[in-house]
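The values are calculated or read from the model by the stated rules, or taken from the named source; none is laboratory data. Being a predicted model, the structure only gives us computed values, none of them experimental. Here the Cβ positions follow ideal geometry from the backbone for every residue, glycine too, while neighbour counts run over all protein chains shown. Please note that ligands, DNA and RNA were not included when accessible areas were found on the heavy atoms of the full protein model with its side chains. Shrake-Rupley method; radii C 1.70, N 1.55, O 1.52, S 1.80 Å.
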Amino acid sequence: MTHISVTDRTPALEFAPQALKDGIEVVSLILMAGFAKTSTEAQDLVTSGTVWIEEKQITDPHHHVLNYAFDDGEILRLSVGAGKHTTIRRVG
């Protein structure tokens, strides 16, 4: 579910730990965030090197964000290009 966080005004995608058990593909995250209109467009963003999660560049469109990625906190930052950002939150 996408919403605007009252605390930081950054759009956020929220997932329960169970939803992250098998992981969520980065292409799906890009689509959910509204940064691409089609899977093909989202895949092209990834393969062109413009997608980052935290400080890691993601170049594999099959990359999955898994529950253990949140071990150091409950929020990850997804960036696409220079000006598109959202947070991925583990809730519950």
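Worth pointing out:
- Percent accessible area from carbon and sulfur atoms, the chain, protein chains only, probe 1.4 Å: 52
- Read-out Cα Rg over 2.2 N^0.38 Å, derived from the coordinates shown; its label in (1) 1.25; (2) 1.20; (3) 0.99: (3)
- Relative to the current alpha-carbon distance between residue 71 and residue 22, full extension at 0.36 nm per residue lengthens the span by 16.1 nm.
- Per residue, in Å², the accessible surface of the chain once ligands and nucleic acids are set aside, probe 1.4 Å: 59
- Pairwise label distance in nanometres, residue 40 with residue 62, each label 7 Å out on the Cα-Cβ vector: 2.1
- Between residue 31 and residue 91, the modelled labels are 2.2 nm apart [label points 7 Å from Cα along Cα→Cβ].
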